[in-house]
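Asks: The structure follows.
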Amino acid sequence: MKISHIIRGEDHISNTPRQILIQEALRCPTPKYAHLPLILGSDRSKLSKRHGAEALSEYKKLGYLPEAMFNFLALLGWHPEDDREIFTKEELIEQFSLERVQKGGAIFDKRKLDWISREYIKKLDGKDFIEKLKPFIPEEWRNKNLSGAARLFQDRISKLSDFTTEAKFIFELGDYDPALLIWKNASREDTKKRLEKAFELIFSSGDVVAYAKKEGMGEVLWPLRVSLSGLKNSPGPIEIMEVLGKEESLKRIRHAISKL
């Protein structure tokens with residue numbers, strides 16, 4: 001048969017004796033068999049669609065890097081000699097051995113997949129990251145703050161498709177509730193005054209951070225950040241302004257003031 005090893009899931013163990021008998025009857029050499037533990041869901045039952053199991057092509061569509069998925073799958077049921085979890089393909093090929101395959105089933109932990117994928121995305125060259133993003137973003141984003149947005153979010157996403165939702169506010173500011181601009185127990189009037197002062201400082205290239213330290217970081221930077229992003233959670237306002245530029249930042253702050 002010219003097959004030296006058969007490596008498959010442990011659910012095929014019961015088939016093995018019958019297959020060996022057939023090989024012997026046909027006077028074929030018997031290959032070596034290795035049965036791997038099954039991949040399990042979070043409830044430790046066999047991974048299935050009930051757990052959200054998907055084909056690899058679906059993970060590709062979501063923007064998980066092939067290298068990250070290879071790394072993640074290699075660690076399912078196998079452990080290296082040390083505690084490292086990030087490996088190149090060449091390192092995994094060199095270190096892999098059947099002796100280090102565990103006997104118990106391996107849990108498919110999506111949080112770990114996301115972590116590994118994030119580490120791979122962080123390591124990408126800036127230009128390479130932008131090229132990989134392009135299939136996941138609208139055409140009109142490609143020449144509008146894309147490089148700045150990519151720098152801002154490269155360390156913040158776990159898969160390439162995350163960029164489309166996380167960075168959307170950079171390219172188009174959505175509508176938001178004016179109440180979101182107000183920090184904790186601050187009043188509407190005080191919030192408006194602080195945004196107006198921040199607007200003046202940014203317009204004149206003043207130090208808005210120094211003003212925030214004096215007035216209260218949350219009282220100034222929270223409404224400023226919301227005015228720039230329209231979101232409850234986003235990167236900090238200074239980082240956002242660096243991407244948007246002065247003109248667009250002032251436009252958004254002016255719009256926020258008009259909502260109060």
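Asks: Let a ≥ b ≥ c be the square roots of the eigenvalues of the Cα gyration tensor of the stretch 124-171; is it rounded (a/c under 1.5), or, if not, prolate (a/b larger than b/c) or oblate?
Replies: rounded
Asks: What does the net charge come to around R252 if you take all other residues with beta carbon closer than 12 Å to its beta carbon, with K and R at +1 and D and E at -1?
Replies: Spelling it out: positives minus negatives among the neighbours equals +2.
Asks: So how do 218-230, 121-133 stack up, highest first, on mean other-Cβ count within 10 Å?
Replies: Put in order of decreasing packing, that is 218-230, 121-133.
Asks: Over the stretch 83-161, what portion of Cα pair distances is larger than 21 Å, expressed as a whole percent?
Replies: 45 percent
Asks: Scan around W78 for amide H atoms under 5 Å from its own, H built in the peptide plane at 1.01 Å from N, and keep only partners 5 or more places away or cross-chain.
Replies: Q102
Asks: State whether the stretch 208-260 is rounded, prolate or oblate according to the following rule on the C-alpha gyration tensor (a ≥ b ≥ c being the square roots of its eigenvalues): a/c under 1.5 gives rounded; otherwise a/b larger than b/c gives prolate, and the remaining case gives oblate.
Replies: rounded
Asks: If you don't mind, another one. Calculate how many DSSP beta bridges within the chain are antiparallel, expressed in % of all such bridges and rounded to the nearest 5.
Replies: Beta bridges within the chain, antiparallel portion: roughly 20 percent.
Asks: Testing the spin-label approximation: label points 7 Å from Cα along Cα→Cβ at N233 and I86. State their distance in nm.
Replies: The answer from the label model is 2.2 nm.
Asks: Follow-up question, since we're still on this one. Highest mean first, what order results for 80-90, 194-204 on Cβ atoms within 10 Å?
Replies: Those peptides, ordered most packed to least, come out 194-204, 80-90.
Asks: Oh, and also: Can you give the helix-only mean residue ellipticity at 222 nm for the chain, where every DSSP H stretch with n ≥ 4 adds -39500 (n - 2.57) and the sum goes over all residues, rounded to the nearest 500 deg cm²/dmol?
Replies: -14500 deg cm²/dmol
Asks: What are the aspartates and glutamates whose alpha-carbon lies under 14 Å from the alpha-carbon of K192, with same-chain residues fewer than 8 places away excluded?
Replies: Partners found: E200, E215, E219.
Asks: What are the extents of the Cα atoms of the chain along their three principal axes, in Å, largest first?
Replies: Reported extents, whole Å, longest axis first: 89, 37, 33.
Asks: How far apart, in nm, are two points set 7 Å out from the Cα along the Cα-to-Cβ line at R27 and at K127?
Replies: Distance between label points: 6.3 nm.
Asks: List the GluC sites (Glu not before Pro) within the stretch 1-80 that fall in a DSSP loop (any state other than H, G, I, E or B) and whose Cβ has at most 13 other Cβ atoms within 10 Å.
Replies: E54
Every number here is computed from the coordinates shown, using simple stated rules; none is lab data. Just so it is clear, the model here is predicted, and its values are computed rather than measured. Cβ atoms come from the backbone with ideal geometry, glycine included; neighbour counts cover every protein chain shown.
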